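Trainee: Sharing a structure with you now.
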Number of protein chains: 2
Amino acid sequence: MDQDPSEASGYDAAVVDLLGVLAYGELTAFIRMAADCDLAPTLSLKSQMGALATADYLHYQQLSEHMVGRGIDPEAAMAPFVAPIAAFHERTRPRGWLEGLVKAYVGDGIAKDFYREMTAFVDEPTQAVMQAALEDAGHADFVVQIVRDTIRTDRTTAGRLALWGRRLLGEALSQAQAVAVERDAMAALLVGGGADLGDVGRMFTRLTDNHQRRMTRMGLDS
Amino acid sequence: MDQDPSEASGYDAAVVDLLGVLAYGELTAFIRMAADCDLAPTLSLKSQMGALATADYLHYQQLSEHMVGRGIDPEAAMAPFVAPIAAFHERTRPRGWLEGLVKAYVGDGIAKDFYREMTAFVDEPTQAVMQAALEDAGHADFVVQIVRDTIRTDRTTAGRLALWGRRLLGEALSQAQAVAVERDAMAALLVGGGADLGDVGRMFTRLTDNHQRRMTRMGLDS
């Protein structure tokens, strides 16, 4: 079935949006992280950052194939999210390797939390493709040790990276809010799925709490 | 068995070099192509360029795992090739999307030709991992149509890209020569494998001929 998002029913339109934002998020994260490989100080770190980037491209590919299988045009589905995601990356260009690392870890974490929250509201085949993105957890764990080792002897960097982490979350939430205002259907997916505004608020609290936990794990308490 | 390249026998040292140069070539091509995704004018082209980049990372990973399985330290094996491969990319930074595309197609082609030439001289397990890199041919074919479509109406670009292709081959051969001078074992692999200097010369002629064929396919006869 060939499906124009604007004509689809509310649920379908919401799933198109959700798949579109996830796919474009993965594609862009892939490009940004691969570019940040250049900043890695050793071959082994280049390689580990490359593994993270490649995993994101493969998720993008699975999401894209899932869309094609449902008669959704991936490019049309991704188009509304090009500007906000580009704005996020534009406003959070890492200055140096450590900021790139923290961004990869924090960004991966926020994305996975968001996948986890949204799987509750979608049909089974969409759940399955989202689940796949959640399964390769652990790829980003090398970051924790590097950051902890660095800040043990460098408190200035610790302070700077703590601030950077707050900024990453702030920019992510502010772009997410801009998207929610523009894309009624996706916001309605949550509410229509039985969530009330209180639930949505609690979801954002959970995202923020999990972010805080990741910062603490890196030793970046703020 | 743990093997220090410098203590290994001639053949082993040559295979370490060969695997090292192939692995680092793939890793770097992955980073460069992923970065060039940013220049792609449409989402579909970003996606196709991303597929090329990801395939290169997966080859890198296979080569790296193959080395670990043989007791070769991938980082040590890649180290001698960091400078010449960085020099190649430094001297061939694409100015714009089309140059990036042509570089991806031409670079992929030269790399595959080199894999094909070298498989004759290595043991079977190494052959198998090199073969894998040759199998996903076709990923780069989208480039041909885009370049042909562009130059049909833009002869200035055709001239510029033809020059660019010659430059890419020239820089690749000049870095290859620098590597051959520095890495006796790898050069000896060819000759020791039964090839005389005439054979090596003919190999370079074949690489150049194949490059010319790819340029012609894109409509970039020079």
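Trainee: What do you get for Rg/Rh over segment A:1-108 if you use C-alpha atoms and the Kirkwood form of Rh?
Mentor: Rounded to two decimals, Rg/Rh equals 1.06.
Trainee: Hey, with R₀ at 35 Å, roughly what FRET efficiency would B:A178 and A:K112 work out to, going by the Cβ-Cβ distance, to 0.05?
Mentor: Once the sixth-power term is evaluated, E becomes 0.20.
Trainee: Cα axis of helix A:197-217 to longest principal axis of chain A: angle in degrees, 0 to 90, nearest 10?
Mentor: Roughly 20 degrees, rounded to the nearest 10.
Trainee: Let a ≥ b ≥ c be the square roots of the eigenvalues of the Cα gyration tensor of segment B:135-190; is it rounded (a/c under 1.5), or, if not, prolate (a/b larger than b/c) or oblate?
Mentor: In terms of gyration-tensor shape, oblate.
Trainee: Related question: Which FRET efficiency value, to the nearest 0.05, is calculated for A:M203 and B:M203 with the Förster distance at 51 angstrom and r the Cβ-Cβ distance?
Mentor: For R0 = 51 Å, the calculated efficiency reads 0.25.
Trainee: Moving to a separate point now. Using unit Cβ charges (K, R positive; D, E negative) and no other charged atoms, how large, in debye to the nearest 20, is the dipole of segment A:39-106 about its Cα centre?
Mentor: 320 debye
Trainee: With springs only between Cα atoms under 10 Å, which of A:L134, A:L163, A:L18 fluctuates most in a Gaussian network model of chain A?
Mentor: A:L163
Trainee: At what distance in nm do the modelled label points of A:A120 and B:D141 sit from each other, each positioned 7 Å from its Cα along Cα→Cβ?
Mentor: 4.7 nm
Trainee: Please build a GNM for chain A, connecting alpha carbons under 10 Å apart, and tell me which residue among A:V179, A:V21, A:V200 fluctuates the most.
Mentor: A:V200
Trainee: Over chain A, what is the relative contact order in whole percent, taking alpha-carbon pairs under 8 Å and six or more residues apart?
Mentor: Computed over chain A, the figure is 26 percent.
Trainee: Just give the residues from segment A:8-55 buried by at least 50 square angstrom of accessible area in the all-chains context relative to the isolated chain, probe 1.4 Å, and say none if nothing qualifies.
Mentor: Those are A:F30, A:I31, A:D38, A:L43, A:S47, A:T54, which lose 50 Å² or more relative to the chain on its own.
Trainee: Check the protein assembly as shown and count each lysine pair with an alpha-carbon distance under 29 angstrom, considering only pairs eight or more places apart or from different chains.
Mentor: Lysine pairs satisfying the spacing and distance rule in the protein assembly as shown number 11.
Trainee: To the nearest 10 degrees, how steeply does helix B:10-37 sit against the main Cα axis of chain B, on a 0 to 90 scale?
Mentor: With both axes taken from Cα atoms, the answer is about 30 degrees.
Trainee: Counting Lys and Arg as +1 and Asp and Glu as -1, each charge on the Cβ, what is the dipole of chain A about the Cα centre in debye, to the nearest 20?
Mentor: 1460 debye
Trainee: May I ask for the accessible area buried between chains B and A, both sides summed, probe 1.4 Å, to the nearest 100 Å²?
Mentor: Approximately 1900 Å² gets buried when B meets A.
Trainee: Let me ask something else. How large, in percent, is the carbon and sulfur part of the accessible surface of segment B:104-207 at a probe radius of 1.4 Å?
Mentor: The C+S portion of the solvent-accessible surface of segment B:104-207 is 56 percent.
Trainee: What's the extension gain from B:E65 to B:A86 if we count 0.36 nm per residue and subtract their Cα-Cα distance?
Mentor: Result: 5.3 nm gained on full extension.
Trainee: Kirkwood hydrodynamic radius (Cα pairs, Å) of chain A?
Mentor: It works out to 18.0 Å.
Trainee: Now for a different question. Given charges of +1 on the Cβ of Lys and Arg and -1 on the Cβ of Asp and Glu, with all other atoms neutral, how large is the dipole of the protein assembly as shown about its Cα centre, in debye to the nearest 20?
Mentor: The dipole magnitude comes to about 1500 debye.
Trainee: Distances from B:T153 to the same residue in each other copy, label points 7 Å out along Cα→Cβ, in nm, shortest first?
Mentor: Here B:T153 shows inter-copy label distances of 6.0 nm.
Trainee: With angles folded into 0 to 90 degrees, how steeply does helix B:97-119 sit against the dominant principal axis of chain B? Use alpha carbons for both and round to 10.
Mentor: 30 degrees
Trainee: How many angstrom separate the Cα center of segment A:148-212 from the Cα center of segment B:11-64?
Mentor: 33 Å
Trainee: Among A:I72, A:I85, A:I146, whose mean-square fluctuation peaks in a Gaussian network model of chain A (Cα, cutoff 10 Å)?
Mentor: Sorting by GNM fluctuation, first place goes to A:I146.
Trainee: Could you give the semi-axes, largest first, of the ellipsoid that matches segment A:62-128, computed as the square roots of 5 times the alpha carbon gyration tensor eigenvalues and rounded to whole Å?
Mentor: Each semi-axis is √(5λ); the values are 27, 17, 10 Å.
Trainee: Here is a further query. So between A:D221 and A:R167, what do we pick up on full extension, going 0.36 nm a residue minus the alpha carbon distance?
Mentor: 18.1 nm
Trainee: Just to be sure I understand the model, the point goes 7 Å from the Cα along the line to the Cβ. What's the resulting B:R148 to B:T42 distance in nm?
Mentor: Simple spin-label model gives 1.6 nm for this pair.
Trainee: Let me ask another. Skip the ligands, DNA and RNA, and give the accessible area per residue of the protein assembly as shown with a 1.4 Å probe, whole Å².
Mentor: That works out to 45 Å² for each residue.
Trainee: May I ask which residue of chain B has the beta-carbon nearest to the axis carrying chain B onto chain A, and at what distance in whole Å?
Mentor: For the rotation taking chain B to chain A, the closest Cβ gives B:A34, 2.
The values are calculated or read from the model by the stated rules, or taken from the named source; none is laboratory data. This structure is a prediction, so every number in the text was calculated from the model and none was measured. Reconstructed Cβ throughout: ideal geometry from the backbone, glycine too, with neighbour counts over all protein chains shown. Accessible surface areas use protein heavy atoms only, side chains included; no ligands, DNA or RNA. Shrake-Rupley method; radii C 1.70, N 1.55, O 1.52, S 1.80 Å.
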